[in-house]
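Written out below as structure tokens is the structure these notes cover.
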Amino acid sequence: MTAPSNAVLPSIALLMVSVAVFAAPARAQSALAVTMECRHANQAWSPCRYVSEQPGARWELAFSNQVVRFQHDGSGTMQMQIGEQTPWAKVQARWSADGTLCWNTVCARGDIPLD
């Protein structure tokens, strides 16, 4: 087998870079994380962490030894999953007069990233 000519090497390098860039899965630059307060089923407010790599589409609230996951498909349908063993359920977001945002029985207050 002979070594490739100098004219072919730049083409091979360009091909390798193209494959590396375009074949890699799309990822967010970095996850957005915000500390706020949350509660579930009218329990006491506790510190929680909002984390999302796709704000407005997929996010989670971690608090009180549980994780609540959300997904929004952009058409108005939003789903929530409390823990990993429960099924996804459709939810409606609602604001209260004091600035609390709730999804069924899960509520959050503070600097809530909306998109």
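Bear in mind these aren't lab numbers, they're just calculated from the coordinates by the rules spelled out. Everything quoted here is computed from the prediction, not taken from an experiment. Cβ atoms come from the backbone with ideal geometry, glycine included; neighbour counts cover every protein chain shown.
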With the label point 7 Å along the Cα-to-beta-carbon line of residue 104 and a cut-off under 15 Å to each amide N, the hits in the range 63-97 are 67-72, 77-94
Quick one: work out Rg over Rh on the C-alpha atoms of the range 32-109, Rh as Kirkwood radius. 0.93
